[in-house]
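The values are calculated or read from the model by the stated rules, or taken from the named source; none is laboratory data. Note that the structure is a prediction, hence the values are computed from the model and not measured. Please note: Cβ atoms are built from the backbone with ideal geometry, for glycine as well, and neighbour counts cover all protein chains shown. Protein only, heavy atoms only, side chains kept; ligands, DNA and RNA dropped before computing areas. Shrake-Rupley method; radii C 1.70, N 1.55, O 1.52, S 1.80 Å.
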Protein chains: 2
Amino acid sequence: MSLPFRVTNCSIERTLGIVGEKWTFLVLREAFNGVRRFADMQAHTGAPRQVLSARLTRLVDEGLLRKEPYREPGQRQRDEYRLTEKGRDLYPLLVSLMHWGDRYLADDGPPVQLTHRDCGAPVELRFRCADGHEVAGPREVTALPGAGAQLESA
Amino acid sequence: MSLPFRVTNCSIERTLGIVGEKWTFLVLREAFNGVRRFADMQAHTGAPRQVLSARLTRLVDEGLLRKEPYREPGQRQRDEYRLTEKGRDLYPLLVSLMHWGDRYLADDGPPVQLTHRDCGAPVELRFRCADGHEVAGPREVTALPGAGAQLESA
DNA sequence: CGCCTGAGTCTGTCAATCGAACTCAGGTAT
DNA sequence: ATACCTGAGTTCGATTGACAGACTCAGGCG
């Protein structure tokens with residue numbers, strides 16, 4: 001899969017500018033797991049508190065998480081962090097990380113099995129073209145300049 | 001999508017231990033683009049040379065890339081870096097990064113359009129269950145302990 | 001021998017991470 | 001009024017990684 005052209009506005013690179021590092025991924029993982037509070041995020045990700053605070057702030061600023069006020073009885077109001085649709089749309093990314101790890105790093109099979117809620121069958125991520133064909137992988141894919149291509153001079 | 005159990009051997013986290021940072025992703029992007037040589041990798045990723053060298057070495061050590069000798073006429077033998085199958089299996093990850101960026105960060109539409117080589121239609125990444133149902137996203141997914149689950153005590 | 005070339009490696013500076021400790025800010029009890 | 005509580009940060013100094021620029025390496029060739 002050689003790329004005979006180059007763009008200056010690569011989407012991969014722009015996405016990485018927001019999420020391209022470990023702690024952010026782990027925060028997103030927890031958000032998908034339903035974890036919303038600072039202390040729980042911290043306990044489950046293991047992120048140093050300063051790092052976690054910075055990542056949460058960044059994800060809110062970028063619109064992937066939103067703050068929602070909550071208040072435990074006897075305590076003051078605080079904020080939880082919830083996924084937005086923009087954040088939720090990173091689900092394929094998290095799942096592809098998981099599935100690759102299941103395949104190459106999990107010694108005894110997948111630790112977590114994602115299943116279809118309605119029927120219970122395992123869930124997979126598959127390539128498909130708009131005409132309905134199964135696409136097996138990068139060798140069956142051709143990259144073309146898209147509508148937003150800003151071509152890089154050779 | 002709440003997770004009512006926890007594992008200590010999370011595949012996402014283990015994958016992130018190898019690829020969870022920007023430069024590694026960019027190296028992989030270039031590998032998928034057919035770039036194989038150090039100087040080309042460096043030019044296209046913009047990685048500092050020391051960083052690039054370290055990432056290439058790591059990816060070779062982890063089996064995602066392999067070295068293959070080459071020799072330009074009049075020069076000495078050197079090594080190129082090529083994807084292994086293990087590395088190629090990270091294609092869904094790269095594509096999900098791209099598609100998310102296309103949707104949320106690309107102002108004028110996707111810079112790069114991935115198409116099916118055989119028919120030309122745009123390629124998408126879709127969730128499907130083993131029984132053939134389309135799965136729309138995280139809300140239709142249930143996570144269960146898998147065969148390799150090492151459960152974390154609450 | 002010297003030159004060439006691409007692939008690293010080295011060095012000192014800067015930035016981010018890290019662990020531990022500290023602060024903040026509402027609610028509540030005294 | 002003050003003191004305590006609690007979760008969510010913030011601060012601080014040490015450590016680690018990134019970074020730019022310069023340097024080295026190692027075969028081939030004249």
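List the strands (runs of 3 or more DSSP E) that sit entirely inside the stretch B:45-154 and contain at least 1 residues that are facing another protein chain (nearest Cβ under 9 Å). Let's see the steps before the verdict.
Values: elements: B:65-71, B:77-83, B:112-116, B:123-129, B:141-145.
Strands (runs of 3 or more DSSP E) meeting the threshold: B:77-83, B:112-116, B:123-129, B:141-145.
With the requirement that a residue be free of Cβ contacts under 8 Å to residues at least 24 places away in the same chain and within 15 Å of DNA strand C (Cβ to nearest atom), what does the stretch A:22-37 give you?
Here is the first cut: in the stretch A:22-37, the residues free of Cβ contacts under 8 Å to residues at least 24 places away in the same chain are A:22, A:26, A:30, A:33-35.
Matches in the stretch A:22-37: A:Lys22, A:Leu26.
Since A:Arg78 meets every condition but one in (1) away from DNA strand C (no atom under 16 Å from the Cβ); (2) touching a Pro at 6+ places or on another chain (Cβ under 8 Å), which condition does it not meet?
(1)
Check B:Gln113, B:Gln150 and return the single one that is open to solvent by 10 Å² or more (accessible area, probe 1.4 Å), touching a residue at least 24 places away in the same chain (Cβ under 8 Å) and polar (S, T, N, Q).
Just one listed residue meets the conditions, B:Gln150.
Can you name the number of the only condition in (1) in a loop (DSSP other than H, G, I, E, B); (2) facing chain A (nearest Cβ under 7 Å) that B:Thr15 fails?
For B:Thr15, the failing item is (1).
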